[in-house]
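Enquirer: What follows is a single structure, and I will ask about it in a moment.
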Amino acid sequence: MTNRRTFVQFASAAAIATQARPILGANDRVNVGIIGLGGRGTAHLRSYLSLPNAAITGLCDVNQAAREVAQGTLSKAERPKAAEFEDMRKMFDDKNVDAVSIATPNHWHALSAIWAAQAGKDVYVEKPASHNIFEGHQMVAAARKYKRMMQVGSQSRSTPIKMEAMKLLQEGVIGKVYLAKALCFKRRKSIGVTPAEPVPPGVNWDIFLGPAPMRPFTKNRFKYNWHWFWDTGNGDIGNQGVHEMDIARWGLGLPDNRHEGLKSIYCTGGKFAYVDDQETPNTQLATFDYGDKQIVFEVRGILTNGESGMTGKGNVVGNLFLGSEGVLEVEDSYYRVYKGEDRAVVMEKKRERGGADTTALHMANFLAAVKSRDHKSIHAEIEIGANSAALCHMANIAYRTGRQLRWDVAKEQFISDSDANKMLTRDYRRPYVVEKI
């Protein structure tokens with residue numbers, strides 16, 4: 001990524017964070033429909049409520065109770081009641097919705113974004129951009145074909161302290177950067193075992209599963225723990241981890257549009273300590289070899305120490321960049337630069353307490369692009385988000401096949417490995433099919 005682009009990103013986010021809130025007329029507002037009203041969708045709702053140029057006009061969830069809670073939030077904020085939808089396709093037909101904000105489980109991200117783009121809606125979609133690599137390609141194709149703005153919820157790209165740290169890296173603060181280590185040490189306790197049971201009243205289980213195979217309803221496959229099943233999630237490397245993977249790519253200056261220079265991927269790990277319903281690993285170590293530089297990604301879900309100067313109660317989440325002259329570490333609350341043989345701290349900046357809502361900053365960038373129609377102004381445009389997600393998917397594929405994989409940049413597939421290439425996509429359950437655009 002060029003220094004100029006990074007500077008523009010930093011300047012624009014800082015401006016959003018500090019400018020006085022303008023008084024906008026109804027014609028200046030973007031009518032937003034939110035799809036998926038669980039924990040992250042509730043955060044979407046609250047962030048949009050803080051933005052004067054957004055109006056919430058649609059609420060969609062397969063769970064009636066979630067829709068009712070969201071309507072209650074609107075009422076407490078003294079905002080008009082929004083139209084309710086169980087099926088997102090009906091929201092896409094609503095002319096009173098200009099853009100959609102997608103906070104569904106991962107397996108729905110691509111299809112809902114593509115359907116929305118085909119219906120003429122702009123899209124903010126949560127990370128990871130896609131559930132698999134094929135889907136990411138189709139999301140980019142849909143955004144271009146239908147001329148839609150599509151922002152991925154990698155809000156680090158709109159977080160001033162992280163933008164400043166990336167700018168320093170690209171200016172050579174630690175010399176030539178040769179290694180990015182991404183840390184996802186997030187404490188995850190056992191999810192236990194939950195048996196199959198009748199679908200709760202008010203829940204459309206068929207739509208919830210959507211592109212995934214039909215399975216019996218269980219509590220673990222429904223609220224939040226869907227992250228730990230291959231049908232619907234991507235483990236923690238694709239949950240919390242994709243934020244750090246995106247920062248690793250960003251800090252190394254890797255291209256946004258393809259995996260230029262990527263030679264091989266290797267990943268080991270397992271699900272240790274627990275006997276429960278979880279399918280994805282709770283411990284994972286992946287290496288991406290780019291020849292003259294590497295990304296190393298580590299997931300630890302069980303009790304662990306920190307790393308470098310990064311410590312935390314239960315969670316150590318962030319990135320370490322190693323250069324020829326020093327080390328830069330960055331996480332949500334600070335960045336720090338160490339230089340020389342004695343590893344002296346030469347630069348440090350902490351995020352101010354009570355600072356701006358970084359999700360709202362990111363959404364403000366999206367809403368500005370909806371008005372300007374300039375997809376190049378989007379901080380985590382779909383091409384960026386899809387490529388960061390793809391590395392998480394590659395790591396999971398290497399883990400599941402149990403071998404080192406080599407990547408063909410031109411063909412965008414693994415070299416001489418049919419088993420791995422089958423995992424570039426999935427078998428879709430009709431009618432919830434992601435088609436080639």
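Enquirer: Filter the stretch 299-311 for residues that are part of a loop (DSSP other than H, G, I, E, B) and touching a residue at least 24 places away in the same chain (Cβ under 8 Å); which is surrounded by the fewest Cβ atoms within 10 Å (Cβ to Cβ)?
Expert: Taking the stretch 299-311 first, the residues part of a loop (DSSP other than H, G, I, E, B) are 301-306, 308-309, 311.
Filter once more, so that each one left must be touching a residue at least 24 places away in the same chain (Cβ under 8 Å): 301-304, 306, 309.
Numbers: Gly301: 26, Ile302: 15, Leu303: 9, Thr304: 16, Gly306: 13, Gly309: 14.
By that ranking, first place goes to Leu303.
Enquirer: Scan the stretch 47-88 for residues that are more than 14 Å from Ile34 (Cβ to Cβ), touching a strand residue (DSSP E or B) at 6+ places or on another chain (Cβ under 9 Å) and not acidic (Asp, Glu) and jot them down.
Expert: Asn53, Gln64, Ala65, Pro80, listed by residue number.
Enquirer: Working only within the stretch 370-429, note down all residues that are among the basic types (Lys, Arg) and either over 19 Å from Val140 (Cβ atoms) or within 23 Å of the chain's Cα centre (by Cα) (or both).
Expert: Residues of the stretch 370-429 among the basic types (Lys, Arg): 371, 373, 376, 400, 403, 406, 411, 422, 426, 429.
Answer for the stretch 370-429, where residues must be among the basic types (Lys, Arg) and either over 19 Å from Val140 (Cβ atoms) or within 23 Å of the chain's Cα centre (by Cα) (or both): Lys371, Arg373, Lys376, Arg400, Arg403, Arg406, Lys422, Arg426, Arg429.
Enquirer: Taking the condition of being under 18 Å from His109 (Cα atoms), in a loop (DSSP other than H, G, I, E, B) and under 22 Å from the mean Cα position of the chain (by Cα), how many residues in the stretch 206-226 meet it?
Expert: Counting residues in the stretch 206-226 that are under 18 Å from His109 (Cα atoms), in a loop (DSSP other than H, G, I, E, B) and under 22 Å from the mean Cα position of the chain (by Cα) gives 7.
Enquirer: Specify the residue that is farthest from Arg249 (Cα to Cα); the eligible residues are those in the stretch 337-348 that are out of contact with any Leu (no Cβ under 7 Å at 6 or more places or on another chain) and either in a strand (DSSP E or B) or at pLDDT 95 or above (or both). Lay out the reasoning, then the answer.
Expert: Of the residues in the stretch 337-348, the ones out of contact with any Leu (no Cβ under 7 Å at 6 or more places or on another chain) are 338-348.
Narrowing further to those that are either in a strand (DSSP E or B) or at pLDDT 95 or above (or both): 338-339, 344-348.
Details: Tyr338: 21, Lys339: 22, Ala344: 26, Val345: 24, Val346: 24, Met347: 22, Glu348: 22 Å.
Only one residue fits best here, namely Ala344.
Enquirer: Quick test of your reading of the structure: Ala410 fulfils all but one of (1) farther than 23 Å from Gly241 by Cβ; (2) of a type in the set (A, V, I, L, M, F, W, C); (3) touching a strand residue (DSSP E or B) at 6+ places or on another chain (Cβ under 8 Å); (4) without any contact (Cβ under 8 Å) to a residue 40 or more places away in the chain. Name the failing condition by number.
Expert: Every condition holds for Ala410 apart from (3).
Enquirer: What number of residues within the stretch 262-281 satisfy the criterion of being touching a residue at least 60 places away in the same chain (Cβ under 8 Å) and part of a strand (DSSP E or B)?
Expert: Counting residues in the stretch 262-281 that are touching a residue at least 60 places away in the same chain (Cβ under 8 Å) and part of a strand (DSSP E or B) gives 6.
Enquirer: Same structure again: Answer yes if at least one residue in the stretch 378-386 is touching a residue at least 12 places away in the same chain (Cβ under 8 Å) and assigned to a strand (DSSP E or B), and no otherwise. Write out each step before concluding.
Expert: Here is the first cut: in the stretch 378-386, the ones touching a residue at least 12 places away in the same chain (Cβ under 8 Å) are 378-386.
From what's left, assigned to a strand (DSSP E or B): 381.
Checking the stretch 378-386: at least one residue is touching a residue at least 12 places away in the same chain (Cβ under 8 Å) and assigned to a strand (DSSP E or B).
Enquirer: Separate question: If Glu329 satisfies all but one of (1) of a type in the set (D, E, K, R); (2) modelled with pLDDT under 95; (3) crowded, with 21+ Cβ neighbours inside 10 Å, what's the number of the condition it fails?
Expert: If we test Glu329 against (1) of a type in the set (D, E, K, R); (2) modelled with pLDDT under 95; (3) crowded, with 21+ Cβ neighbours inside 10 Å, just (2) comes out false.
Enquirer: A follow-up question, please. From Ile191, Ile174, grab the single residue that is of a type in the set (A, V, I, L, M, F, W, C), surrounded by 15 or more Cβ atoms within 10 Å (Cβ to Cβ), under 25 Å from Val275 (Cα atoms) and over 22 Å from the mean Cα position of the chain (by Cα). Let's see the steps before the verdict.
Expert: Numbers: Ile174 fails: under 25 Å from Val275 (Cα atoms).
Being of a type in the set (A, V, I, L, M, F, W, C), surrounded by 15 or more Cβ atoms within 10 Å (Cβ to Cβ), under 25 Å from Val275 (Cα atoms) and over 22 Å from the mean Cα position of the chain (by Cα) holds for just one of Ile191, Ile174, which is Ile191.
Enquirer: Can you tell me which residue in the stretch 414-437 is surrounded by the most Cβ atoms within 10 Å (Cβ to Cβ), limited to those that are over 20 Å from His109 (Cα atoms) and not charged (D, E, K, R)?
Expert: Taking the candidates together, the pick is Phe414.
Enquirer: For Ala395, all conditions in the list (1) surrounded by fewer than 23 Cβ atoms within 10 Å (Cβ to Cβ); (2) touching a strand residue (DSSP E or B) at 6+ places or on another chain (Cβ under 9 Å) hold save one; what is the number of the exception?
Expert: (1)
Enquirer: Here's a follow-up. Select from the stretch 85-132 the residues that are basic (Lys, Arg) and under 17 Å from Ile56 (Cα atoms) and write down the one among them that is surrounded by the fewest Cβ atoms within 10 Å (Cβ to Cβ).
Expert: This residue is Lys95.
The values are calculated or read from the model by the stated rules, or taken from the named source; none is laboratory data. As the structure is a prediction and not an experimental result, all values here were calculated from the model. Positions of Cβ are backbone-derived with ideal geometry, glycine not excepted, and every protein chain shown enters the neighbour counts.
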